[in-house]
1. Does residue 49 meet the test of being aliphatic (A, V, I, L, M) and more than 11 Å from the chain's Cα centre (by Cα)?
2. Cβ contacts < 6 Å: first residue closer than 12 Å to residue 96 by Cβ and surrounded by 10 or more Cβ atoms within 10 Å (Cβ to Cβ), restricted to segment 112-136; second residue at pLDDT 85 or above and small (Gly, Ala, Ser), any location; separation 6+ or different chain. Result?
3. What are the pairs, 6+ residues apart or on separate chains, where a residue within segment 54-76 that is within 21 Å of residue 16 (Cα to Cα) has its Cβ under 6 Å from a residue that is acidic (Asp, Glu) and crowded, with 16+ Cβ neighbours inside 10 Å?
4. Check 44, 18 and return the single one that is among the small types (Gly, Ala, Ser) and modelled with pLDDT of 95 or more.
5. Of all residues in segment 16-34, which are in contact (Cβ under 8 Å) with a residue 60 or more places away in the chain and out of contact with any Phe, Trp or Tyr (no Cβ under 8 Å at 6 or more places or on another chain)?
6. Would you confirm, using the coordinates I've provided, whether residue 106 is within 26 Å of residue 10 (Cβ to Cβ), out of contact with any Lys or Arg (no Cβ under 8 Å at 6 or more places or on another chain) and at pLDDT below 95?
Amino acid sequence: MGAAESILSDKKLRITLSRKAVIDYFLAHKHALTQPDLEKELESVCDRVTIYRIIDSFLQHGILHKVPDLDGTQKFALCDSCTDHHHHDEHVHFKCSVCGKTECLDEIPMPSIALPTNYSVAEWNMLLQGVCAECS
């Protein structure tokens, strides 16, 4: 069983050619991707609506997480340890100002932030921008 099939099986999702193609594309690219990225590359396998539904399903099942981007573009990346009920995507993201790729930097811990009394955080993201190792 390949990596894509294993991921789908672990999440108890039906293994389809379209779902496998989306996961394989994420596995081949170690940076965050947009829906248009997927549409362009996978147009021979599935249409725009199918890709939208796959992304939505993968978000719900902890296969993908959303990646922040200051230009308003929604990006997605494979989850390392997300579950159906909780995304563990509170980690540092890095966007290269040269190539535009956004990567998850899971190994860098998020800083601790002490909020005032009666404040609670529902979600937080950290996006660093600069030049990546490939573009340096």
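The values are calculated or read from the model by the stated rules, or taken from the named source; none is laboratory data. Note that the structure is predicted; figures quoted are calculated from it, not measured. Note: ideal-geometry Cβ built from the backbone for every residue, glycine included; neighbour counts use all protein chains shown.
1. yes
2. Final answer for the pair search is 129/97.
3. Close Cβ pairs (under 6 Å, with a partner that is acidic (Asp, Glu) and crowded, with 16+ Cβ neighbours inside 10 Å) amount to 65/89.
4. None of the others qualify; the one that does is 18.
5. 30, 31
6. Spelling it out, residue 106 is indeed within 26 Å of residue 10 (Cβ to Cβ), out of contact with any Lys or Arg (no Cβ under 8 Å at 6 or more places or on another chain) and at pLDDT below 95.
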